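This report refers to the structure that appears directly beneath it.
The values are calculated or read from the model by the stated rules, or taken from the named source; none is laboratory data. Here the structure is a predicted model, which means the values were calculated and not measured. Neighbour counts are summed over all protein chains in view; Cβ atoms, including those assigned to glycine, are modelled from backbone coordinates with ideal geometry. Side chains are part of the model used for accessible areas, which takes the heavy atoms of the whole protein and leaves out ligands, DNA and RNA. Shrake-Rupley method; radii C 1.70, N 1.55, O 1.52, S 1.80 Å.
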Amino acid sequence: MSPAVPPPIDPPARLLMGPGPITADPRVLRAMSAQLVGQYDPAMTAYMAETQELYRGVFRTRNDATLLVDGTSRAGIEAALVSLLAPGDRVLVPIFGRFGHLLREIAERCGAEVHVIEREWGTVFTAAEIEATLAEVRPKLLAVVHGDTSTTVAQPLEELGALAAKHGALLYTDTTASLGGNEFCADEWGVDVATAGLQKCLGGPSGSAPITLSEAAVAVVRGRTSVEAGIRSAGDPVNPDPIRSNYFDLGQILAYWGPQRLNHHTEATTMLYGARECARLVLEEGLDARIERHRVHGAAMTAGLVGLGLDLFGDQSVRMHNVVGVRIPDGIDGDAARAALLADYGIEIGTSFGPLHGKVWRVGVMGYNARRDTVLTTLAALEQMLRRGGVAVRAGAGVDAALESYAA
């Protein structure tokens, strides 16, 4: 007997107001519905070149090595670290949330000698703290998360590129949660490698990881490149200690995206369409305008949550524009309340991880959902959910506070 065939996918209506993924921009989804072409079709290679130039604008860089890694944002992180770090290389990872721990784990799996400094979740490091450890450790790479959604705060990067260079290190940063909604200037800040994902401020689905590499970082990658035997030509590099991943080998990926078009994998065409449209929409809106949009709506959400009587989590002086953390009120089951919000209103907000699980909710205001109507709708639903849970909330308090923020 043949198994039952399930019906076509028909997702329930949802307003995704958590830390990501968010509701994708319909224009991105339309772009992703376009038909495939061959990976070396002139139209395809033109789309690839256009995508590279668009992301130079998004990252604020002139790096030639600006492209996509096929996979989720974690694919970009792993490609960067496995391509830069040989076994035994020293790396310094400042950890102030869950995703700093992720950088440490990936670096350890690369066989690197990993050194860490840690701060309480919800706080960030001073430049002096990081420089002191750079001077002590003398790493090849300083790897730091820019905005960590687990804690809602962003590590200031403006001084770190110069400090890393002063102590002989490259600077890598994970901008998955921040790019497109918060200020980020790869060239001005001296960032050597940055990776991102589409599913947050860029307004797309997870599945493609934009990356940019400085000339110094490319030189490190080139020095570790080894072309696989099945496509190797006379004179191609054969390294006795190659990059430890084939799929995430940025040396070969750069050759695939470059004028050589050396075959490495088949580009994820549909995801490239989506990633291209994400970047196109950012630059069409204007990067400064988009960042300001995230700031305005993030501030309104923050004001509204305070208006509901919720206590903010984390150092607000370094909070990302696009995600707000609040402490779950006493007497409220955080997971049950989130489930009720989803079931009754179709709105998703986030819990948190590790030491913050069950203590903090994270409310996202990003990408396509960084809008006045989504902020006010979410606050109105949260008010009703809190009142039903026994929390004393003045009727309309959250929405009123948000509207006052908008008026200001």
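A few notes on this one:
- Subset of region 174-194 (residues that are over 19 Å from VAL323 (Cα atoms) and not aromatic (Phe, Trp, Tyr)): CYS185, ALA186, ASP187, GLU188, GLY190, VAL191, ASP192, VAL193, ALA194
- Number of the condition not met by ARG138 [criteria: (1) in contact with a His (Cβ under 8 Å, 6 or more places away or on another chain); (2) under 30 Å from GLY358 (Cα atoms)]: (2)
- Scanning region 360-369 turns up no residue that is assigned to a helix (DSSP H, G or I) and among the hydrophobic types (A, V, I, L, M, F, W, C).
- Residue check for ALA186: surrounded by fewer than 18 Cβ atoms within 10 Å (Cβ to Cβ) and either small (Gly, Ala, Ser) or at positive phi (or both): no
- Of all the residues in region 146-166, those that are among the hydrophobic types (A, V, I, L, M, F, W, C) and either open to solvent by less than 10 Å² (accessible area, probe 1.4 Å) or touching a strand residue (DSSP E or B) at 6+ places or on another chain (Cβ under 6 Å) (or both) number 5.
- Failed item, numbered, when ASP236 is tested on (1) farther than 30 Å from GLU284 by Cβ; (2) in contact with a Ser or Thr (Cβ under 8 Å, 6 or more places away or on another chain): (2)
- Residue list for region 208-223, restricted to those being open to solvent by less than 20 Å² (accessible area, probe 1.4 Å) and either in a loop (DSSP other than H, G, I, E, B) or modelled with pLDDT under 95 (or both): SER214
- Among the residues of region 37-63, those that are assigned to a loop (DSSP other than H, G, I, E, B) and either closer than 25 Å to PHE99 by Cβ or touching a residue at least 12 places away in the same chain (Cβ under 8 Å) (or both) comprise VAL37, GLN39, TYR40, ARG60, THR61, ARG62, ASN63.
- When THR351, THR378 are screened for being over 15 Å from VAL296 (Cβ atoms) and under 21 Å from the mean Cα position of the chain (by Cα), only THR351 passes.
- Criterion: touching a Pro at 6+ places or on another chain (Cβ under 9 Å), charged (D, E, K, R) and not in a helix (DSSP H, G or I) - qualifying residue of ASP330, ASP241: ASP241
- One residue from ARG244, ARG276 being open to solvent by 10 Å² or more (accessible area, probe 1.4 Å), at pLDDT 90 or above and under 18 Å from the mean Cα position of the chain (by Cα): ARG276
- Any hit, region 279-286, residues being open to solvent by less than 30 Å² (accessible area, probe 1.4 Å), of a type in the set (Lys, Arg) and modelled with pLDDT of 95 or more: no
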